[in-house]
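The next block holds one structure in the form of structure tokens; read it before the comments.
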Amino acid sequence: MDSPPTGLPLSATRETATSSDIDTLTLTGGHLVTPEGPVDGWVRISDGIISEFGTGPPPATPLVDVGGHWIVPGFVDIHCHGGGGGSFTSLDVDQARTAVATHRSHGTTTLLASLVTAPPAELAEQISSLSDLVTEGALAGIHLEGPFLSAAHCGAHDPALLRPPDLRVIDRLLAAGRGAVRMMTLAPELENSVPAISLLAEHGVLAAIGHTGASIDQVLAAVEAGATVATHLFNGMPPLHHRAPGPVGALLTDERITVELICDLVHLHPATVELAAKHVGASRTVAVTDSISATAAGDGTYELGTRTVTVSEGEPRSADGALAGSTLTMDTALRNLVTRCGMTITEAVLACSTTPATLLGLSGSVGALRPGLAADLVVLDAELRPRRIMKDGSWIPGVGG
């Protein structure tokens, strides 16, 4: 982990500024994690936007002393199925709001809602029910994980509902979202996958490769057609083989691909995360949760699409024993990356915030400590646990202490 920077003294009169309705305030006494590395200093927030930051005396505004904690940008999770008992597939907007609030309380200030395989008519309903939350800004968009996946690598998806890509179905699903669908995962070996990827690219939708046993040549054809993301690399695909590298080898080596890594240390061994992240580099590594409704809701029985999932000691599994998402939150993902997977805090913040924001085309609004971006911030203590969380310049109540 990067050491906290030292030798940059702050001089200011400490004032108390804790109200969420203050238009302008300055956070002082923090270790700011910028894309270039940690800096001791202050960050000024005006009208929900980061207006400036620096290392000298802070401006004469209401001050909040964060007591030497880290200040990082809010996390950006591009693969999440629910949380707090709420599922994005439920057609219940209150459940979706519960999931958003659950992850926001763990520092995720920008979130894609992921849907699992279902019949197209049901998917269209689910997309439509979530589209208003995208319009209002509670969600950054919708990710469709299925139904165009390989039955041989279906994981917790219902294999009876899987099918080759159908351009008419894709048009219908995109229309249901009215621009809310931002990403779709599919298997490149399926018939019509290349035309489907081209269609998604034409609509500005990220085409992701996952739940696949594709050959390296099939993956290359998908990338040439416009695919840019590897959905939870290693999971839902055959392992790397030295004579048949398959999807893992192709997705690791092609520099046009950004790779998702589920950093719960269950889906992937820490050494695997470290190996992949070091190979692809910070600009291509994205930490994701793949979390389900059981996240922050305790062990028990839950539904994931059409499948019943049993969560024991935090691990969700379907009846056949397959991992069925996770109960991970992004603050834990960042902590795992730093403490178990060999990353510096700067590299971990890039994976949890900056790189996914760039992938979504949101680097001009979120994902970094940079003037002009939204004041979405997480204050982390020395153990990298959230103490305070800010969304659009307002503190989220009930976090830390």
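Values in this text are rule-based calculations from the coordinates and carry no lab data. Quantities reported herein were computed from a predicted structural model and do not represent experimental measurements. In this analysis, Cβ positions are derived from the backbone assuming ideal geometry, glycine residues included, and neighbour counts consider all displayed protein chains.
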Helix-only estimate, please: 222 nm mean residue ellipticity of the chain, summing -39500 (n - 2.57) across DSSP H runs of length 4 or more and dividing by its residues, to the nearest 500.
-7000 deg cm²/dmol
Can you figure out the FRET efficiency of residue 160 with residue 60, using R₀ = 41 Å and their beta-carbon distance, to the nearest 0.05?
0.05
Give a quick list of trypsin sites (Lys or Arg not before Pro) in segment 214-315 that DSSP marks as loop, anything other than H, G, I, E or B, with at most 15 other Cβ atoms within 10 Å.
243, 256
Packing-based ranking, highest mean first, of 200-209, 169-178 given that Cβ atoms within 10 Å are counted:
200-209, 169-178
For segment 53-94 and segment 301-363, what is the separation of their Cα centres, given in Å?
16 Å
Is the chain rounded, prolate or oblate when judged by the Cα gyration tensor, a ≥ b ≥ c being the square roots of its eigenvalues, rounded requiring a/c under 1.5 and prolate requiring a/b larger than b/c?
prolate
Let me know the charge dipole size of the chain about its Cα centre in debye, to the nearest 20, where only the beta-carbon of Lys, Arg (+1) and Asp, Glu (-1) is charged.
320 debye
The helix 270-280 Cα axis meets the longest alpha-carbon principal axis of the chain at an angle in degrees, between 0 and 90 and rounded to 10, of 90 degrees
What net charge do the residues around residue 82 carry, taking every other residue with its C-beta under 15 Å from that of residue 82, with Lys and Arg at +1 and Asp and Glu at -1?
-3
Build a GNM of the chain with springs between Cα atoms under 10 Å: which of 377, 32, 167 gets the top mean-square fluctuation?
167
Which parts of segment 148-169 would a label at residue 175 reach, counting a residue when its backbone N lies under 11 Å from a point 7 Å out along Cα-to-Cβ?
168-169
Among 327, 352, 157, which residue has its Cα furthest toward the positive end of the charge dipole of the chain, with +1 on Lys/Arg Cβ and -1 on Asp/Glu Cβ?
352
So the angle from the long Cα axis of helix 93-104 to the longest Cα principal axis of the chain, reported in degrees to the nearest 10, equals 50 degrees
For helix 330-339, what angle does its Cα long axis make with the longest principal axis of the chain, in degrees from 0 to 90 and rounded to 10?
80 degrees
Considering the options 318, 281, 364, tell which one lies farthest towards the positive end of the dipole of segment 268-401, charges being +1 on Lys and Arg and -1 on Asp and Glu at the Cβ, about the Cα centre.
364
